[in-house]
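Read-outs throughout are calculated quantities, based only on the coordinates presented, and are distinct from any laboratory measurement. Being a predicted model, the structure only gives us computed values, none of them experimental. Here the Cβ positions follow ideal geometry from the backbone for every residue, glycine too, while neighbour counts run over all protein chains shown.
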Ligand code: WTA
């Protein structure tokens, strides 16, 4: 293996399995062959404006746009001069069709309660709540902060904001009061929406209490609307706090969707930056609307009779795009589940799939690794034969986890769509189109039509096939972020300044000889061992392929001789953490990918620190591995106690 120049990354992973789309699937698919996909991709790449412009006719326009794109790097204006409304496209547009009485949203609460909303009913609720917001003085451009459990009212609130042209900022219901206040202040939020409590593993999360604390430090918030979810008492502050049911009972039924300029801001979603303060990623209405609709239809090959279930929380971008806006713009039926996957037992997801006959299931690798750890028996208790398509998002999926998903959940007949995208990209950027593109475990395969990626070195030059480098997107796309809230300089600096005329995703990737993309991890996570730049996912995947390993995280720590030594954190499916196992795992990695990547330290741990959306926080592990104090933003940590525990478990 040659020593590489800066920006390039060595690959050590060999994965040669290929799974073509099953013929029964391809025959009925919207895009049913590689040739059809390639033709579509080539035509789109040749003229992206024509491509997106012709698709935009699928949205309802109060006023037609004059120009598809005005691009003054890095500022994009899509569908210039047009007026539309995403709430209209998600609801009203279906009311003049047979879908009016179709189930839009089927919801199940953690305790097992359930509610279903047809498009007509959802429209009714959204109109009423939009009137509630109006009554509280919410106007176009105002920011509404939403801190709620996964209940239908969360989606209703988002659609109500969009209806008026107000901007929602959804804050995941697991965040602390501090995190809510930071986000409220950064966004200048005017109204807060919350619930009394939320259910999580049978416990009540004190949402209103957190909000009370946050609002003491959020001077811009004048009103707070509280949904009664569990019914236990909460403090209500006279004049500021209102019950959701009181306000909606008084609200008129009709509320026309505002005719809004294409570039009207739709939402802010905070995501943690690698340094310090979380950044508010800003998305605007029309381009995002079109992008999530089309990616939803293409990637999930959605058919009207399907039930689609995305397990992501609406508090992160996957929930925004594929629990709310994508499926509803496409007129789909989706399942929304409030609670934990292991409540009342580890079979809950499979029980839900059986009960609602779910056809398309979209989840995260962290969940898949948990299912594997919990054991196959939980799956075997349920009839999950309704499934026809599976998806993953959020992290790379280790090939062994992919194989389990394929065999155990997909019964070797459901294609798997491994979807690569980001909060910043608004929707799916690379993924198999399931009827067209053969899959390879661990690869997100190919770009969506209209998306033109490249892999470059740190000077911006494309690297040869097979070589790892920085992943960039070379042309604007309608779902792209329009900036960082209140900080356009940071937007330009972070995404558009390092590689000329390209969007820098912040991930490393390689493209193989077949044009398949393999995400190798975040740029900051690269390990530099004796002059070789190694990616985290490859070492982790080698470890996960050992029968006793459930999860693994690989990080670098300073080493005088090698530059960096490889430290790994491992959780086990079974067996005891012993020195013998440690030796065995080292030998296993050496055998799978070579001596170069053999871990220097192996630490066993009960759990890995993760972000709220389930990503392993390698940055923190790196500090632990090198004995440094924890720095930077940790508000997205799933469980602070894991950090302390890891420290005490040090060798
Ligand atoms: C990672 C989630 C590998 C990646 C939609 C990206 C992935 C970051 C994949 C964005 C995937 C997401 N394979 N890595 N299929 N999907 N990532 O903003 O590092 O929460 O940059 O958006 O997750 O995470 P975010």
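Inclusion of residue 207 among residues that are touching a residue at least 40 places away in the same chain (Cβ under 8 Å) and under 12 Å from residue 147 (Cβ atoms) is warranted. Taking every residue in region 105-116 that is without any contact (Cβ under 8 Å) to a residue 60 or more places away in the chain and pairing it with any residue that is surrounded by 13 or more Cβ atoms within 10 Å (Cβ to Cβ), at least 6 positions away or on another chain, the pairs with Cβ-Cβ distances below 6 Å are 114/108; 115/107; 116/103; 116/106.
Quick grid of which residues meet (1) closer than 19 Å to residue 338 by Cβ; (2) within 24 Å of the chain's Cα centre (by Cα):
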residue: 97; (1), (2): no, no
residue: 130; (1), (2): no, no
residue: 157; (1), (2): yes, yes
residue: 162; (1), (2): no, yes
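Residue 76: buried (at least 18 other Cβ atoms within 10 Å of the Cβ) and outside any strand (DSSP E or B), yes or no?
Here the answer is no, as residue 76 does not meet what is asked.
Listed by position, the strands (runs of 3 or more DSSP E) inside region 486-551 whose residues that are within 15 Å of the ligand (Cβ to nearest atom) and more than 27 Å from residue 186 (Cα to Cα) number at least 3 are 503-511, 517-522. Looking across region 557-607 at every residue that is in contact (Cβ under 8 Å) with a residue 60 or more places away in the chain and assigned to a helix (DSSP H, G or I), the one that is surrounded by the most Cβ atoms within 10 Å (Cβ to Cβ) is identified as 597.
Of the strands (runs of 3 or more DSSP E) contained entirely in region 224-337, those carrying at least 1 residues that are under 29 Å from residue 349 (Cβ atoms) fall at 265-271, 279-284, 307-310, 333-337. Quick check, is residue 449 over 30 Å from residue 491 (Cα atoms), over 18 Å from the mean Cα position of the chain (by Cα) and either crowded, with 21+ Cβ neighbours inside 10 Å or within 16 Å of the ligand (Cβ to nearest atom) (or both)? When the stated conditions are applied, residue 449 does not pass them. Answer yes or no: is there a residue in region 201-221 that is touching a helix residue (DSSP H, G or I) at 6+ places or on another chain (Cβ under 8 Å), within 28 Å of residue 121 (Cα to Cα) and surrounded by fewer than 21 Cβ atoms within 10 Å (Cβ to Cβ). No: zero hits. The condition (being away from the ligand (no atom under 14 Å from the Cβ), without any contact (Cβ under 8 Å) to a residue 40 or more places away in the chain and part of a loop (DSSP other than H, G, I, E, B)) is satisfied by just one residue among 478, 464: 464.
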